[in-house]
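Structure first, commentary second.
Each value in this text was obtained by applying a stated rule to the coordinates, not by laboratory testing. Bear in mind that the values here come from a model prediction, so they are computed numbers and not experimental data. Virtual Cβ from ideal backbone geometry, glycine too; neighbours counted across all protein chains shown.
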Amino acid sequence: MKCPFCGHPEDKVVDSREGKEGRVVRRRRECLSCSRRFTTYERVDEIPYMVVKKDGRREAFDRNKLLTGLVKACEKRPVPMSSLEAVVDEVENLLQESPEKELPADRIGERLMERLKVLDQVAYVRFASVYRQFGDLNAFMEELNRLLGQRK
């Protein structure tokens, strides 16, 4: 493991903790060169889970792709990274608990939007505008009105 700050290849583990449900090990490390600390996460690689796209293509589940999309939707919003990671963990657990190793992309997208709606409504609208690919301003306004109607 290279230090993300100075690139030195050696470090020492300062603390290890098992994550929720024992699926992740979190390790605090200290670089032996610059003495800065950083965190790593270890996960067991299992049979790859597949996401079935709208056009029928199958793609390997990519945790980072989901997280990147959520981070973009929450840019400049008061949403902690830990909350976004928890949302991605929830989707990953949904896949792992599913009897099949495939999950439709629309089911994943809907779950992400449900969680974003609770976390931050502006981030929800941003995500929905990309995910649902609104064809015109009217479709976008319908979604905003639906959201505003739920707030009352």
Shape call, region 46-124: gyration tensor on alpha carbons, a/c limit 1.5: prolate
Estimated distance in nm for a label pair at Val14 and Arg43, the labels positioned 7 Å out from Cα along Cα-to-Cβ: 2.5 nm
Qualifying chymotrypsin sites (Phe, Trp or Tyr not before Pro) in region 64-137, DSSP loop, other Cβ atoms within 10 Å at most 13: none
Per-residue ³J(HN,Hα) for region 24-37, Karplus 6.51 cos²θ - 1.76 cosθ + 1.60, θ = phi - 60°, Hz, x for Gly and Pro: 9, 10, 9, 10, 8, 10, 10, 5, 7, 9, 9, 6, 7, 9
0 to 90° range, to nearest 10: angle between helix 137-151 axis and the chain longest Cα axis: 80 degrees
Sum of -39500 (n - 2.57) over DSSP H runs of 4+, divided by residues of the chain (222 nm, nearest 500): -14500 deg cm²/dmol
Length released on extending from Asn93 to Asp62, taking residue separation times 0.36 nm less the Cα-Cα span: 9.9 nm
Two-decimal ratio, the chain, of alpha-carbon radius of gyration to 2.2 N^0.38 Å: 1.27
Percentage, to the nearest whole number, of Cα pairs in region 78-118 over 17 Å apart: 30 percent
Between 0 and 90°, nearest 10: helix 63-73 axis offset from the chain longest Cα axis: 60 degrees
Candidates per GluC sites (Glu not before Pro) in region 4-72, loop by DSSP, up to 14 other Cβ within 10 Å: Glu10, Glu46
Relative contact order of the chain, pairs being alpha-carbon contacts under 8 Å that are 6 or more residues apart, as %: 15 percent
Label-point separation, Lys76 to Ser33 (7 Å along Cα→Cβ), nm: 3.7 nm
Rg/Rh ratio calculated on Cα atoms of region 1-44 (Kirkwood radius): 1.03
On Cα atoms only, tilt of 121-131 relative to the major axis of the chain in degrees: 80 degrees
